[in-house]
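Novice: One structure, pasted below without further comment.
Rule-based calculations on the coordinates, nothing more; no lab input. Just so it is clear, the structure is predicted and the values come from calculations on it, not from any experiment. Counting neighbours? That spans all protein chains shown, and the Cβs are built from the backbone with ideal geometry, glycine included.
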């Protein structure tokens, strides 16, 4: 099974089901040949918004995903340092650099995102980045 790190954009698109990329995002999450990796950073980008705006079904969707994650990135100084190096190397935003470093740290073979291929995240060599955008 392929260990896949899921970016928050994929979870948000799948949970809300009203975006152009929602079906593609859901297809990745439903793929029985994958296991999933995540980090507390992904939780922080998804759950608080759903809770604050009282979107109970959306929160439950995220919690169900996180309950099935098989690899969690340990948040420590080495992850932050790897993220800083990668952010500096390819002009990657802070949170995206943490996601890339977390994906690498979990041993994920790929990171799925909603970021377009023109974005810096796709320039990393720490993990194979794939998108659901056309």
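Novice: Do you know which residues across region 121-134 are farther than 20 Å from residue 22 by Cβ, surrounded by fewer than 18 Cβ atoms within 10 Å (Cβ to Cβ) and over 13 Å from the mean Cα position of the chain (by Cα)?
Specialist: Within region 121-134, 122, 123, 125 qualify.
Novice: Of (1) touching a residue at least 12 places away in the same chain (Cβ under 8 Å); (2) within 15 Å of residue 5 (Cα to Cα); (3) touching a strand residue (DSSP E or B) at 6+ places or on another chain (Cβ under 8 Å), residue 122 satisfies all except one. Which?
Specialist: Result: residue 122 passes all but (1).
Novice: So, one more: Could you say whether any residue in region 76-90 is assigned to a strand (DSSP E or B), free of Cβ contacts under 8 Å to residues at least 60 places away in the same chain and within 20 Å of residue 36 (Cβ to Cβ)?
Specialist: Taking every residue of region 76-90 in turn, none turns out to be assigned to a strand (DSSP E or B), free of Cβ contacts under 8 Å to residues at least 60 places away in the same chain and within 20 Å of residue 36 (Cβ to Cβ).
Novice: For region 95-116, does any single residue satisfy the condition of being in a loop (DSSP other than H, G, I, E, B), free of Cβ contacts under 8 Å to residues at least 60 places away in the same chain and more than 13 Å from residue 7 (Cβ to Cβ)?
Specialist: no
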